[in-house]
């Protein structure tokens, strides 16, 4: 059965977006700093041509981490993240991607790589079917990560900690409401992020 890994970037103070995250400003006010590691450089919404088209343009350890994530058999994201990114221009940057939504009647073209599924449990189950023995990654947003943790659906957690204190935004664990025991299995540093991987024990 596929292993399920939560995979998300946050600030040092625990935010996965800056304030005012919305369509066209998916990471909020100057929130791009969270994902400098993804492109291997500083960038803004105004001077980049689409995050999805530049994934994998990094070097060194950040590139190795991205390669692992992109090699997963399937991904799961929330509908809010899908909408804020504009569906990544109509093509999944992650390969097969299951989107958690109540509006499953709005299914995108299967050629896009996206499939809409109602509920986190059903979405993770569907991603496992797609991935076979491969890895399933569960990305944003914070609500999807929290639901996956509360449901005991994940085997591992990988957090990419950006070297910034945002002070406001959407918190990764702020509304989790349950204790999760972890075992650290890997730490990798780069100028733009500290990548920490944990095994989930409970």
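The values are calculated or read from the model by the stated rules, or taken from the named source; none is laboratory data. Values in this document were obtained by computation on a predicted structure and should not be read as measured data. Positions of Cβ are backbone-derived with ideal geometry, glycine not excepted, and every protein chain shown enters the neighbour counts.
Quick notes on this structure:
- Residue match in the range 127-136 (condition: more than 14 Å from the chain's Cα centre (by Cα), part of a strand (DSSP E or B), crowded, with 17+ Cβ neighbours inside 10 Å and without any contact (Cβ under 8 Å) to a residue 60 or more places away in the chain): no
- Here residue 178 meets the list (1) over 15 Å from residue 75 (Cβ atoms); (2) in contact with a helix residue (DSSP H, G or I) (Cβ under 6 Å, 6 or more places away or on another chain); (3) in a strand (DSSP E or B) almost entirely, failing just condition (3).
- Taking the listed residues 99, 65, 121, the one that is buried (at least 19 other Cβ atoms within 10 Å of the Cβ) and modelled with pLDDT of 95 or more is 99, with no other qualifying.
- Scanning the range 69-112 for residues that are assigned to a helix (DSSP H, G or I), within 14 Å of residue 137 (Cβ to Cβ) and either free of Cβ contacts under 8 Å to residues at least 40 places away in the same chain or in contact with a helix residue (DSSP H, G or I) (Cβ under 9 Å, 6 or more places away or on another chain) (or both) turns up 70, 81.
- Residues (over 18 Å from residue 21 (Cα atoms) and within 14 Å of the chain's Cα centre (by Cα)) located in the range 157-184: 157, 158, 159, 160, 161
- Flag if residue 154 is in contact (Cβ under 8 Å) with a residue 24 or more places away in the chain, assigned to a loop (DSSP other than H, G, I, E, B), under 29 Å from residue 86 (Cβ atoms) and under 14 Å from the mean Cα position of the chain (by Cα): yes
- One residue from 188, 144, 130, 200 being touching a helix residue (DSSP H, G or I) at 6+ places or on another chain (Cβ under 7 Å) and over 24 Å from residue 40 (Cβ atoms): 144
- Looking only at residues of the range 188-202 that are assigned to a strand (DSSP E or B) and touching a strand residue (DSSP E or B) at 6+ places or on another chain (Cβ under 7 Å), we find that the one that is surrounded by the most Cβ atoms within 10 Å (Cβ to Cβ) is 195.
- Residue within the range 170-187 that is more than 15 Å from residue 80 (Cβ to Cβ), in contact (Cβ under 8 Å) with a residue 60 or more places away in the chain, touching a strand residue (DSSP E or B) at 6+ places or on another chain (Cβ under 9 Å) and surrounded by 19 or more Cβ atoms within 10 Å (Cβ to Cβ) present: no
- Test for residue 71: is it exposed (fewer than 14 other Cβ atoms within 10 Å of the Cβ), closer than 20 Å to residue 5 by Cα and more than 16 Å from the chain's Cα centre (by Cα): no
- Filter result for residue 143 (at pLDDT below 95 and either on the phi > 0 side of the Ramachandran plot or within 14 Å of the chain's Cα centre (by Cα) (or both)): yes
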